[in-house]
Amino acid sequence: MTELQVNGETVAVDADGETPLLTVLRDELGLVGSRFGCGQGLCGACVVRLGDAVVPACDTPLWQAEGQPVTTVEGLARDGVPHPVQQALINSQAAQCGYCVSGIVVAAAALLEREPDADADRVAEALDRHLCRCGAQRRIVAAVLAARGSA
Amino acid sequence: MTLPPHVVANPRLGTWLHVADGVLHVQVGKVELGQGILTALQQLAADALGVPVGDVRMVAAHTTHGPDQGVTAGSLSVLQSGPALRHLGGVVRALAGPVDEGYVARVAALDPATDLTAVTPAPPLPARAVGCDVPRADLPDKVLGRPRYLTDLRPDGLLHGRVLRPPRPGARLASVSDWVPGLVRDGSFVGVVADREADADRALESLRRACTWEGGSALPDEDHLPDWLRAGEHEVVEVLDEGAGAPTHAASYSKPFLVHASIAPSAGMARWDDAAAGPLLRVWSHSQAVHALRDALATTLGLTAEQVEVQHVEHAGCYGHNAADDAALDAALLARAHPGRPVLVRWSRGDELTWAPLSPAMTATLGATVEGGRITSWSHETWSLGHSARPGYRGAPGLLAGAHLADPVPLPPSTDPPAAAGHGSMRNGVPTYDVGTRRVVGRRKVDSPLRTSAMRALGAYLNVFAIESFLDELALEAGADPLDFRLAHLADERARHVLREAARLGGWGEALPEGHGRGLGFARYKDRGAYCAVVAQVEAEADVRVRRLTVVADVGLAVAPEGARNQLEGGAVQATSWTVRERVRFDRTRITSDDWESYPILRFAETPEVAAHLVGTDAPSVGAGEAAQGPTAAAIANAVHDALGVRVRDLPLDAAAVVRAIEST
């Protein structure tokens, strides 16, 4: 059994230590908010916060997540209120299909925590490992900028 | 009374509308692909029914319960569904009106069997929701990480499935050397199922090691695709022959194979139940055409259409005919081996990039006679592969795994939509301009070892890129400003308006820094859809960086203006990615661009600033999702010429193409 701290809760997982964290989150814990995109850590759809880092959960083995807090997109809301980045994305329709958004929201929230005054270039740079196929990149950057100050 | 075709095809009231919990549930056959269509249709339905948007809930397409509205494609959803929903609402108000406190209860009491074609609809009400920006109904779930996509389904008893595709096109499974847990095999179709996803992934790897394959198809030389496209047998599509004269100018353009490259690999879920009356197959799919998929599944599996039920579930954007339908058959085949349990199949990233239908490589040669600064004759010849292999398109199921079964159901060669549907290879082959006598012809190569099908804009992407690049070449040759040259050959006022607005908003004629260039592109999609002009600003030195796109479109009355702008922006950005980055790579036996490193798409830091503007008209509403692709490609190529003085005619317009163009100057 592996003990994980996910979104503030401690959970026990009975899975091989090499199992990708993403598979554990989605299939064992039912946290399907982190999306599967490539399984190779190349698209960012499954990015979660692990300790102070943002990592692709598909490319992170379960053993590596042990002992560090994991925050997924489901863990960003506070008392049922969406994270300011999420609210800004909804307000400005900064998505089309939305499949890339979970990982982006996690990464953007971490960025604003670190750099509350990040400008457009910094936001784009921080999101550069995330792929969006619908072409909503500029809307997403603008939404993250709009969330500054309340994030 | 002219009846909307989709009402005639689906005349029963209950197919479109039911009331539950005091809410009007409207079911359409069009599906949400991330383009926001269900929200736009919700606005149309609310106005037609005379109620606030919040009183209407849209229900996903379903083969048993909902209307058959064909494919969600071709920027036709508003055009086809708008009249149908207006008629529906008019009939409902005629039967259950007036819209007062008891209205919804009276709607609930209407006979679902009511024939919509037999009732004269009440007159339309003034628009309340149409033309306004209503929040997208699907976005909160997607942004908050709630279950919403097909692969988020977790019904009781779920099995996870994986399919092992052949290592190369045309290969057949020779043997499976070891026992693999959860193995399902039918001919060269081979897959695994497991209770846990991690076990399914592990079993797939065991299966990969255990399988031996033989044979394969010869693929063309990826560096000489135009030659390959021009060789062999073709089907000729004569579009126009007015007897064009001998050209004084000629040039050839090309695009490589591209792939939809959805961020989610395709997926499908199926449940097979054996009963005394015969099997029942239920399928959950992100297909663009659930009814056609139902028929294709039934034919492939030897069932009747009544034995198959397909429900649409949202997934990532598809941008055309990707592997959604194929994944549904995969799920059905695995589920058939495990009756009574739902099986969820998810493709791998590599399979999505190599086994989904590709957007075909194309090439075109354009010729023109220019006399005294005016074009007096025009020729346009396009060589392509077919742009549609959708299920049922040639009367065949066209599902990938069908071809791999022991008793195979082969994939028919790709074809093209007919002229009445706006062509495929020849989409936008005829310029909007006054160019004198014209000859426009398409040559569709009949055989291809690579399966090709519809990707946004179909042939219009290459044809508009070619036409608008060629116009710039002719303008510069004639010493004319590209904008003036276009306007001098353009009578259509709506076309002239979007061009002028794009030029104004895009800073046409204003000074630029060294190494920067500005270019223009224009088309009216399918000659009957949205007018769209794009001004691109690029920075071109060693590499091409698109810095800014100004997109101006006339989509008629915009039902959801912000949604239309979002589609135009996204279309322009995606086309930027196609134009400067993308190319399916292959050797002579297999596709080698099987991950995001070998098939790179545009990244955040490379994404241009993009501003989309709608020029307001009250003309009939047309779609916005495919208007910007061709104009964007041309605007970028024209901007690169403006910056560097070199003409790139073969896409992608990457650093290597620029170097080749400089060397050949």
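The values are calculated or read from the model by the stated rules, or taken from the named source; none is laboratory data. Please read all numbers here as calculations on a predicted model, not as lab measurements. Every residue, glycine as well, gets a Cβ built from its backbone with ideal geometry; the counts of neighbours run over all protein chains shown.
The table below lists the values:
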{"read-out": "Subset of the stretch A:75-106 [crowded, with 24+ Cβ neighbours inside 10 Å, at the interface with chain B (Cβ under 7 Å from one of its Cβ atoms) and either touching a strand residue (DSSP E or B) at 6+ places or on another chain (Cβ under 6 Å) or free of Cβ contacts under 8 Å to residues at least 12 places away in the same chain (or both)]", "value": "A:G98"}
{"read-out": "Criterion violated by A:G149 - all others in (1) out of contact with any helix residue (DSSP H, G or I) (no Cβ under 7 Å at 6 or more places or on another chain); (2) outside any loop (DSSP other than H, G, I, E, B); (3) more than 9 Å from every other protein chain (Cβ to nearest Cβ) satisfied", "value": "(2)"}
{"read-out": "Filtered residue count, the stretch A:25-74, keeping only those that are in a helix (DSSP H, G or I), aliphatic (A, V, I, L, M), free of Cβ contacts under 8 Å to residues at least 40 places away in the same chain and within 11 Å of another protein chain (Cβ to nearest Cβ)", "value": "0"}
{"read-out": "Number of the exception - B:R168 against (1) among the basic types (K, R); (2) outside any strand (DSSP E or B); (3) within 14 Å of chain A (Cβ to nearest Cβ); (4) touching a strand residue (DSSP E or B) at 6+ places or on another chain (Cβ under 9 Å)", "value": "(3)"}
{"read-out": "Output for the stretch B:21-72, where each listed residue is out of contact with any helix residue (DSSP H, G or I) (no Cβ under 7 Å at 6 or more places or on another chain) and at positive phi", "value": "B:D21, B:G34, B:G70"}
{"read-out": "Residue check for B:A639: under 24 Å from the mean Cα position of the chain (by Cα), assigned by TED's automatic domain parsing to the domain that holds B:V464, closer than 16 Å to B:A502 by Cβ and of a type outside the set (D, E)", "value": "no"}
{"read-out": "Considering residues of the stretch B:364-393 that are under 15 Å from B:E235 (Cα atoms) and surrounded by fewer than 24 Cβ atoms within 10 Å (Cβ to Cβ) only, the residue nearest to the chain's Cα centre (by Cα)", "value": "B:S388"}
{"read-out": "Positions within the stretch A:107-132 being closer than 20 Å to A:A57 by Cα, crowded, with 21+ Cβ neighbours inside 10 Å and at the interface with chain B (Cβ under 9 Å from one of its Cβ atoms), in sequence order", "value": "A:A126, A:L127, A:H130, A:L131, A:C132"}
{"read-out": "Residues (touching a strand residue (DSSP E or B) at 6+ places or on another chain (Cβ under 7 Å) and buried (at least 22 other Cβ atoms within 10 Å of the Cβ)) located in the stretch B:326-341", "value": "B:A327, B:A328, B:D330, B:A331, B:A332, B:L333, B:L334, B:A335"}
{"read-out": "Sole exception among (1) assigned to a loop (DSSP other than H, G, I, E, B); (2) polar (S, T, N, Q); (3) not assigned by TED's automatic domain parsing to the domain that holds B:A48 for B:S175, by number", "value": "(1)"}
{"read-out": "Which listed residue is at pLDDT 95 or above, in contact with a strand residue (DSSP E or B) (Cβ under 6 Å, 6 or more places away or on another chain), assigned by TED's automatic domain parsing to the domain that holds B:G571 and not in a loop (DSSP other than H, G, I, E, B), from B:L366, B:L293", "value": "B:L366"}
{"read-out": "Unmet criterion (only one of (1) over 30 Å from B:A421 (Cβ atoms); (2) part of a helix (DSSP H, G or I)) for B:L24", "value": "(2)"}
{"read-out": "Members of the stretch B:126-161 that are more than 11 Å from every other protein chain (Cβ to nearest Cβ), surrounded by fewer than 22 Cβ atoms within 10 Å (Cβ to Cβ) and outside any loop (DSSP other than H, G, I, E, B)", "value": "none"}
{"read-out": "Checklist (1) in a loop (DSSP other than H, G, I, E, B); (2) buried (at least 16 other Cβ atoms within 10 Å of the Cβ); (3) of a type outside the set (K, R) applied to B:A270, failing item", "value": "(1)"}
{"read-out": "Of all residues in the stretch B:481-534 being of a type in the set (A, V, I, L, M, F, W, C) and in a loop (DSSP other than H, G, I, E, B), the one that is nearest to the chain's Cα centre (by Cα)", "value": "B:A530"}
